1. Using the alpha carbons of the stretch 54-105, what is the convex hull volume per residue in cubic angstrom, as a whole number?
2. Under Stokes-Einstein, with the Kirkwood radius over Cα pairs standing in for Rh, what whole-number D in µm²/s applies to the stretch 61-142 at 37 °C and 0.692 mPa s?
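Nothing in this text is a laboratory measurement; each read-out follows from the coordinates by a stated rule. Not measured: the values here are computed from a predicted model.
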Amino acid sequence: MQKFNIKNTIFKYDTILKIMEITQYEPLENDQLFAFLQINLPPDIKRKIYEEYFKVSIIYNKKYSILMGVIISDECHSLNPTSLKPLVETIIQKPKFLAYVCARNDLFSRLYKSHYIDGNKHFKNLDELTSISLAWLMYLYH
């Protein structure tokens, strides 16, 4: 069992607070994760912090990178939302990932608000999913 020095514990607590100031929806820097791993805490506390703040960001960073890869594809450049629609559908079905994408992409955030919160589709003859996907591409490439 490890003994905690009061001064070190306070320093470590301050370090944890600084690390946790980043929201779970912001991208993680490698040095932030490394700093967290260096903190001497009981494993259960470390696991809880990792699960709530770091794991989500790591997973969402990968998914967001895939999404951006599709956005810059030739298919999307030619305003074809076919490959984008399933990804947008996944975003909308997962509230935490939706919050992450909205925090990182202002255009998508505005389009989501317009289509799903305000009920104002950009393309009246299309369903909401196709409309938001095509609107995203139109704003980017038209």
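1. Working: hull volume 3.5 nm³, N = 52.
Residue-normalised Cα hull volume stands at 68 Å³.
2. On the way: Rh = 12.6 Å.
Result for D is 261 µm²/s.
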